1. Working only within region 40-54, note down all residues that are open to solvent by 30 Å² or more (accessible area, probe 1.4 Å) and in contact (Cβ under 8 Å) with a residue 12 or more places away in the chain.
2. If I filter region 167-178 for residues that are part of a strand (DSSP E or B), touching a helix residue (DSSP H, G or I) at 6+ places or on another chain (Cβ under 7 Å), open to solvent by 10 Å² or more (accessible area, probe 1.4 Å) and more than 21 Å from residue 43 (Cα to Cα), do I get at least one hit?
3. Residue by residue through region 179-202, note down the ones that are part of a loop (DSSP other than H, G, I, E, B) and of a type outside the set (Val, Ile, Thr).
4. Check whether at least one residue in region 147-166 is open to solvent by 80 Å² or more (accessible area, probe 1.4 Å), closer than 16 Å to residue 126 by Cα and either in a helix (DSSP H, G or I) or of a type in the set (A, V, I, L, M) (or both), and report yes or no.
5. Just one of (1) at pLDDT 95 or above; (2) more than 30 Å from residue 100 (Cβ to Cβ); (3) buried (at least 21 other Cβ atoms within 10 Å of the Cβ) trips up residue 189, so point out which.
6. Tally time: how many residues in region 97-107 are in contact with a Ser or Thr (Cβ under 7 Å, 6 or more places away or on another chain) and either under 21 Å from residue 187 (Cα atoms) or in contact (Cβ under 8 Å) with a residue 40 or more places away in the chain (or both)?
7. Considering only region 209-243, how many residues are out of contact with any Lys or Arg (no Cβ under 9 Å at 6 or more places or on another chain), touching a residue at least 60 places away in the same chain (Cβ under 8 Å), open to solvent by 10 Å² or more (accessible area, probe 1.4 Å) and in a loop (DSSP other than H, G, I, E, B)?
8. Restricting attention to region 105-130, which residues are surrounded by fewer than 19 Cβ atoms within 10 Å (Cβ to Cβ) and either in a strand (DSSP E or B) or β-branched (Val, Ile, Thr) (or both)?
Amino acid sequence: MFIRILALCAGLVMVFAAGAPASAQNMTAADIARYRAQTNVVRPGLGDDPGLPTGAPLLLPAGVSLAAPIRGVEDGVDCGSDSYGSGFNVTVCLSLCNTTSRPVIVTLPRGLVVVAKAAGPYQNGLLVETVVVEAPPTPCGPGGIPIDRDGADVEREDAPLSRAGFPVQLNLYCLNESGQPSEAGIRYALGPVSDDPAIRDLLARIGDRPVDLEGSDVVQTALYSITEGRGLTWDDEQNLRSL
């Protein structure tokens with residue numbers, strides 16, 4: 001795993017969030033030792049670790065499924081009128097179809113992951129808020145992309161992007177710092193609800209509190225500490241308390 005260089009040996013740690021109350025000068029030798037003692041965990045599909053993110057598959061209500069492949073979009077462009085989530089690196093349009101005769105409530109839980117399917121290294125995305133939408137009766141299109149489908153094959157196929165279904169824009173956090181942010185037209189597969197213990201702990205720390213623009217920087221930095229490093233730093237923990 002790629003380890004972000006921290007000035008821990010000198011007894012310092014970066015203060016990632018501008019204006020946050022935490023200060024590296026408040027760290028003790030015990031804080032530094034605790035961070036350095038954290039295990040360097042392999043996290044499939046996160047950071048630079050190969051593989052697919054792990055967790056339980058998302059179970060959609062009866063009659064509801066993906067109408068079309070999830071696609072990258074520019075904020076506010078061609079994906080319905082509503083936008084959900086506080087992330088800013090991965091913006092996607094998820095289209096649902098509902099083959100029942102009545103509207104169905106669909107819950108997208110925090111911890112849900114979308115997986116980029118392209119030849120180049122694009123960032124996978126993480127939802128940190130629970131999103132609840134009402135999907136109206138809607139015809140299905142070609143359906144989603146299997147999570148184990150090779151990204152280069154998907155890109156070579158170059159099938160036209162379907163606009164079928166009821167569109168839901170999700171603003172997600174990046175799980176791979178060295179990858180590229182989402183772009184219009186990049187395809188994504190619906191991933192699992194992450195079971196990574198460090199990510200579950202981060203989501204618990206955020207809880208149901210709304211995350212504003214400054215807070216989204218705190219959350220993204222904390223995620224990078226998990227996906228690119230050994231886990232939450234002392235500063236991350238202090239900054240998350242201030243959300």
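The values are calculated or read from the model by the stated rules, or taken from the named source; none is laboratory data. Remember, predicted model here, so these are calculated numbers, not experimental data. When we count neighbours, we look across all protein chains shown, and the Cβ atoms used for this are built from the backbone with ideal geometry, even at glycine. Just the protein is used for accessible areas: all its heavy atoms, side chains included, with ligands, DNA and RNA removed. Shrake-Rupley method; radii C 1.70, N 1.55, O 1.52, S 1.80 Å.
1. 40, 41, 42, 48, 52, 54, listed by residue number.
2. There is no residue in region 167-178 that is part of a strand (DSSP E or B), touching a helix residue (DSSP H, G or I) at 6+ places or on another chain (Cβ under 7 Å), open to solvent by 10 Å² or more (accessible area, probe 1.4 Å) and more than 21 Å from residue 43 (Cα to Cα).
3. 179, 181, 182, 183, 184, 185, 195, 196
4. no
5. The single condition residue 189 does not satisfy is (2).
6. 2
7. 4
8. 105, 107, 130
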